[in-house]
Amino acid sequence: MSVLRTPAGTVRWAGRDLGSWPVLVALAMLWLVFQAANPNFLSADNLVNLALQVAPLGVLTLGVVLVLLVGQIDLSTGAVSGLAAAVVAVGLSQQRWPGWLAVLVAIAVGAVVGAVYGWAFTRLGLPSFVLTLAGLLVTLGVQMRVLGTTGSLNLPFESWLVRFSQQAFLPDWLGYLLAAALTLTYPAIRLVERRRRAAAELPLEPGRDLAVRTALLAVATLLPTWYLQTNRGIGASVALFLLLVLVVDLLLRRTRWGRSVRAVGSNVGSAHRAGFAVRHVYVSAFVACSSLAALGGVMQAGRLAAANQGSGGSDTNLTVIAAAVIGGTSLFGGRGSAWSAPLGMLVVGTISSGLTLLNLDSAPRYIVTGLVLALAVTLDALGRRRAPATGR
Amino acid sequence: MSDEAILAEPAAISLRGVSHSYGAVRALVDVDLDVRGHEVVAVVGDNGAGKSTLVGVLSGVLVPDAGEVVVDGRETQLTSPGLARGLGIATVFQDLALCEDLDVVENLFLGQEIRRGPMLDEVAMEREAQRLLAQLAVRVPSLRAPVAELSGGQRQAVAIARALLGEPRVLVLDEPTASLGVTQTAEVLTLVERVRDSGFGVVLVSHNLADVQAVADRVVVLRRGRLNGEFDADVASYEQIVAAITGVAPPGEAAR
Ligand SMILES: Nc1ncnc2c1ncn2[C@@H]1O[C@H](COP(=O)(O)OP(=O)(O)O)[C@@H](O)[C@H]1O
Ligand SMILES: [Mg+2]
């Protein structure tokens with residue numbers, strides 16, 4: 001014997017896996033700089049808007065995180081979101097479908113695109129880079145056809161999708177209730193786990209660490225809730241996005257599917273020999289990614305109350321990949337978390353919103369975002385080279 | 001157990017006339033092999049002799065072009081790694097087949113996670129991992145450290161521990177000491193003996209004859225994909241085995 005008795009996780013703190021800290025530091029610095037340049041930046045009103053802007057693109061990013069985790073890439077999430085926006089707009093304004101049907105059809109279209117990717121990748125062996133590039137072009141073409149000759153459709157303002165995305169905010173009491181519930185659920189789960197670990201005679205993390213983390217969580221949930229609620233509050237679409245992040249995080253960390261996703265991205269040959277159904281894992285990741293992209297497109301259409309040929313266009317496809325990597329998900333597969341989506345998208349959204357407040361055009365936005373991305377990829381590559389095996 | 005008793009025991013797994021080709025390369029030609037409990041069968045041969053291909057067939061990664069695999073007297077098709085595992089054949093591959101980004105516990109239970117309802121039971125897996133590693137006298141810096149942070153010997157130990165997890169009957173090891181230093185090699189060989197003594201059959205693939213003579217009960221030689229001799233490890237001389245590997249008969253003798 002013996003296995004060194006270290007509480008789970010401590011070595012990683014001391015080691016190189018810095019988790020979400022770099023992006024949190026970057027975010028704090030950006031906020032300080034923009035606040036110094038324009039005192040309105042950290043106003044509750046601007047932050048409420050920022051959250052509303054980030055939510056739909058964050059849903060796209062969440063999907064990209066899944067595809068990156070299996071070691072692949074999807075260049076077409078923006079185009080798929082644009083197609084979904086077109087479908088939902090046509091369904092609502094021309095076909096007069098009920099709202100739920102239009103949304104379901106749009107998401108189903110996304111799922112089909114993902115299924116085609118999964119099939120072509122696993123059965124034909126096409127590289128996902130080229131495959132999704134082809135998908136991007138095809139999807140763009142279909143989006144134009146769906147929109148028809150005008151090339152632009154407005155959503156009826158009274159539809160619940162528009163109201164949900166623009167005007168629906170959590171009532172104050174509900175915001176506080178959810179924040180408090182999150183703050184209390186975490187230590188509750190950890191305490192139950194702690195008791196089981198004690199019974200199994202496994203090393204326990206010091207009670208103080210748990211207390212500190214719970215306190216940090218309380219601040220991180222209650223403070224923004226309070227601050228946003230001094231203005232309009234937490235948008236319903238923002239709440240939906242955060243709910244999706246929590247669900248995906250749980251799936252990735254605590255289910256066999258999540259384990260298979262990380263294993264495939266880390267080493268597909270090993271995952272296969274461990275008995276995982278590797279093809280299914282790839283297909284599920286592509287389908288989840290495109291479906292989330294479609295949902296994000298629907299939310300974006302609702303927020304803008306319109307869909308046009310530019311929906312999900314220009315740089316969206318690439319911005320969400322940048323956001324996932326900035327948030328800490330590796331381009332090399334196997335490493336990352338659902339929280340990369342909100343954190344990374346918040347950085348990208350902050351740069352965009354901060355520069356807009358300074359009345360600057362898109363040029364500095366692209367440049368700054370690009371530099372931050374380069375920084376994130378550098379950290380990613382360094383992390384990958386970490387700890388070459390010693391003692392051979 | 002005496003040698004006679006072991007040989008009288010029915011083979012846990014047998015290959016009968018197995019052949020496999022990669023395109024024009026005939027990697028295995030008409031190979032027979034029996035593995036019983038309580039014995040270490042060494043498979044030796046030069047580079048490219050077909051050893052890893054044989055491991056592929058035993059582990060369900062490769063389906064042979066011809067021949068049959070008999071498990072417990074019944075002919076079987078090992079069409080997937082999961083199936084071979086289910087029949088009690090556990091393999092430690094030459095490249096170890098670990099996932100570097102995953103931690104030790106995650107790797108040990110890869111593909112056979114313990115669940116509690118729909119969720120993974122991390123506590124049960126960590127407890128079991130700790131018990132298993134202690135039993136094998138394996139040291140790792142932390143059960144929750146990514147495998148990328150372990151040394152070569154530690155990785156090898158994790159891969160062997162993983163293979164032993166589901167209580168298999170036959171353990172297949174492909175070149176387990178190839179990348180290890182002297183101390184670590186000795187540790188792995190001790191581990192192999194301990195596994196044999198607890199009743200498993202072990203197939204030890206190697207091209208290191210010192211390792212083989214240290215732990216093997218029986219030595220099977222592969223040369224250019226064909227069987228080229230089978231020896232009792234206690235009796236056979238180093239020269240005899242080398243002769244079978246290289247195909248050059250030692251003076252005055254011929255391989256059986
Ligand atoms: N995937 C493959 N594709 C083509 N040829 C292969 C492949 N794997 C092995 N071979 C060939 O088959 C023969 C046996 O290889 P292998 O079983 O790896 O030998 P060993 O493990 O004894 O060194 C070699 O000639 C090798 O080049
Ligand atoms: Mg080999």
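The values are calculated or read from the model by the stated rules, or taken from the named source; none is laboratory data. For clarity, every value in this text was computed on a predicted model and none was experimentally measured. With ideal geometry, Cβ positions are generated from the backbone for all residues, glycine too; neighbour counts draw on all protein chains shown. Each accessible area value is taken on the protein alone, full model and side chains, heavy atoms only, with ligands, DNA and RNA left out. Shrake-Rupley method; radii C 1.70, N 1.55, O 1.52, S 1.80 Å.
Table: residues versus (1) over 26 Å from residue A:302 (Cβ atoms); (2) over 19 Å from the mean Cα position of the chain (by Cα); (3) of a type outside the set (Asp, Glu).
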| site | (1), (2), (3) |
| --- | --- |
| A:82 | no, no, yes |
| A:90 | no, yes, yes |
| A:98 | no, yes, yes |
| A:104 | no, yes, yes |
| A:112 | no, yes, yes |
| A:118 | yes, yes, yes |
| A:123 | yes, yes, yes |
| A:126 | yes, yes, yes |
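Somewhere in the stretch B:75-95, is a residue under 30 Å from residue B:145 (Cβ atoms), within 16 Å of ligand 1 (Cβ to nearest atom) and assigned to a strand (DSSP E or B)?
Yes: the stretch B:75-95 contains one or more residues that are under 30 Å from residue B:145 (Cβ atoms), within 16 Å of ligand 1 (Cβ to nearest atom) and assigned to a strand (DSSP E or B).
Do you know which of the residues in the stretch B:115-128 that are farther than 22 Å from residue A:334 by Cα and more than 7 Å from every other protein chain (Cβ to nearest Cβ) is least open to solvent (accessible area, probe 1.4 Å)?
B:124
Looking only at the stretch A:228-249, decide whether some residue is within 14 Å of another protein chain (Cβ to nearest Cβ) and either without any contact (Cβ under 8 Å) to a residue 60 or more places away in the chain or assigned to a helix (DSSP H, G or I) (or both).
Among the residues of the stretch A:228-249, at least one is within 14 Å of another protein chain (Cβ to nearest Cβ) and either without any contact (Cβ under 8 Å) to a residue 60 or more places away in the chain or assigned to a helix (DSSP H, G or I) (or both), which makes the answer yes.
From B:104, B:63, grab the single residue that is more than 16 Å from ligand 2 (Cβ to nearest atom), closer than 27 Å to residue A:268 by Cβ, free of Cβ contacts under 8 Å to residues at least 24 places away in the same chain and not aromatic (Phe, Trp, Tyr).
Residue meeting the stated conditions: B:63.
Residue under question is residue A:197, and the condition is that it be part of a helix (DSSP H, G or I), of a type in the set (D, E, K, R), within 25 Å of the chain's Cα centre (by Cα) and farther than 30 Å from residue A:92 by Cβ; does it hold?
So residue A:197 fails the test.
Residue under question is residue B:25, and the condition is that it be more than 22 Å from residue B:166 (Cβ to Cβ), within 16 Å of ligand 2 (Cβ to nearest atom) and open to solvent by 50 Å² or more (accessible area, probe 1.4 Å); does it hold?
yes
Among the residues of the stretch B:71-94, is any within 24 Å of residue A:198 (Cβ to Cβ), away from ligand 2 (no atom under 16 Å from the Cβ) and in contact (Cβ under 8 Å) with a residue 40 or more places away in the chain?
No, the stretch B:71-94 has no match at all.
Among the residues of the stretch A:205-228, how many are of a type outside the set (Asp, Glu), surrounded by fewer than 16 Cβ atoms within 10 Å (Cβ to Cβ) and over 25 Å from residue A:171 (Cα atoms)?
6
Which of the residues belonging to the stretch B:63-103 are away from chain A (no Cβ under 12 Å), modelled with pLDDT under 90 and buried (at least 22 other Cβ atoms within 10 Å of the Cβ)?
The one that is away from chain A (no Cβ under 12 Å), modelled with pLDDT under 90 and buried (at least 22 other Cβ atoms within 10 Å of the Cβ): B:78.
When residues of the stretch A:257-303 are filtered for being within 16 Å of residue A:132 (Cβ to Cβ) and of a type in the set (Phe, Trp, Tyr), how many remain?
2
I'm checking my understanding of the structure. Among residues of the stretch B:197-211 that are within 16 Å of ligand 1 (Cβ to nearest atom) and more than 14 Å from residue B:51 (Cα to Cα), which one is surrounded by the fewest Cβ atoms within 10 Å (Cβ to Cβ)?
B:209
Starting from residues that are open to solvent by 40 Å² or more (accessible area, probe 1.4 Å) and within 13 Å of chain A (Cβ to nearest Cβ), keep the ones in the stretch B:142-196 and report whichever is nearest to the chain's Cα centre (by Cα).
Step by step, filter the stretch B:142-196, then rank; the result is B:178.
Could you check how many residues of the stretch A:256-268 are without any contact (Cβ under 8 Å) to a residue 24 or more places away in the chain, of a type outside the set (Ser, Thr, Tyr) and more than 7 Å from chain B (Cβ to nearest Cβ)?
Number of matching residues: 1.
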